[in-house]
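For reference, the structure is listed below as structure tokens.
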Amino acid sequence: MKFSLKSLLAAALAVGAVASQAAIVAIDSASFVANAGQITFSEAAMGALNPTITAAQYGGTGTAPTVSFGSWFMGQTRGVVGTDCAAGTAVGGCVTGSPTGPLALDLDNVLAGGAFVATDTNHSASPVLSGSPFLNGSIAMLFSTLQAGVSFDGGFFNAIGSTRITAYGSDGSVLGSILNTATGIQTLLLGTSDGTAQIAGLLISLVAPEDAGFTIDNVRFGALAQTSTSSSTSSSGSTSSSSSTSSSSTSSGSTGSTSSSGTSNPIPEPTSMALVGLALLTLALARRRTLKPTR
């Protein structure tokens with residue numbers, strides 16, 4: 001009986017752990033509550049390779065992190081164009097592999113080249129960050145504290161869906177990804193579907209041909225507003241529209257029904273129901289053991 005009870009409790013904990021991981025969704029500016037300060041890359045010298053920028057340097061407050069930059073994370077490497085990325089993708093922007101935990105930048109791989117502060121006349125007058133080679137290299141960001149929402153300006157994009165932003169947890173697990181949905185300079189905003197702080201780092205890489213390449217600027221961090229309507233994109237690049245509320249949306253994508261007053265009525269999730277069932281079964285078995293007559 002002890003073994004059975006322990007097994008049931010372990011199963012319940014495992015289900016709870018899976019349910020606790022949020023998905024990543026694209027959010028709009030109205031749903032993003034930005035903290036003070038933003039990284040403009042004027043905090044580092046022109047040409048600085050793989051810079052680390054502290055919250056104090058960019059005026060970040062609250063949960064604003066120190067941010068370290070590179071090309072990709074440990075466990076990843078340059079991908080093969082035509083296999084890992086679409087034919088015609090710039091070699092330097094194609095990345096393959098899954099990060100190992102704990103999430104850490106790979107700054108020793110000679111293929112990486114690194115991310116560096118540069119000037120991009122097609123992006124802005126201020127300094128920007130580019131991967132290697134210039135405009136056509138991937139960029140990785142590592143945060144000192146977990147984040148719920150991240151925003152930055154990316155581009156100049158010539159093709160929609162050419163650039164993927166993948167979010168990772170602190171153990172290197174993939175939380176999800178979004179693609180650029182516009183040409184030119186686009187403000188890309190993403191966050192966790194339930195508004196919890198789970199993002200430990202981002203990888204910005206090319207997955208299709210992009211003639212203009214890209215750089216990034218104006219990196220901000222913050223929380224998600226209580227209610228948001230957004231499009232979520234999986235790592236495979238498929239997109240689906242969803243209406244999410246931080247108090248009722250979950251990584252499983254289940255949503256509550258909406259009443260005429262506009263309030264959300266959450267529908268119990270399969271994972272939550274499983275936990276309740278396991279708990280009731282555990283209590284029943286424990287009671288049966290207690291009431292069993294002694295001989």
Give me the accessible area per residue for region 85-238, probe 1.4 Å, as a whole number in Å². 34
For labels at L49 and T181 in the simple 7 Å Cα→Cβ model, what's the distance in nm? 3.8
Express in nm, to one decimal, how much length is gained between A87 and S29 on full extension, taking 0.36 nm for each residue of separation and deducting their alpha carbon distance. 17.5 nm
Charge tally for neighbours of S71 with beta carbon under 12 Å away, counting Lys, Arg as +1 and Asp, Glu as -1, is -1
I'd like to compare 96-104, 166-174, 132-140: which one has the highest average count of other Cβ atoms within 10 Å, and what's the full order after that? 132-140, 166-174, 96-104
Accessible surface of region 130-182 [probe 1.4 Å, protein heavy atoms]: carbon and sulfur percent: 61
Segment T96-S173, length gained on full extension (0.36 nm per residue, minus Cα span): 26.3 nm
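The values are calculated or read from the model by the stated rules, or taken from the named source; none is laboratory data. Bear in mind the structure is a predicted one, so any value in this text is a computation, not a measurement. A quick note on method: Cβ atoms are made from the backbone with ideal geometry, for glycine too, and the neighbour counts reach across all protein chains shown. Accessible surface areas use protein heavy atoms only, side chains included; no ligands, DNA or RNA. Shrake-Rupley method; radii C 1.70, N 1.55, O 1.52, S 1.80 Å.
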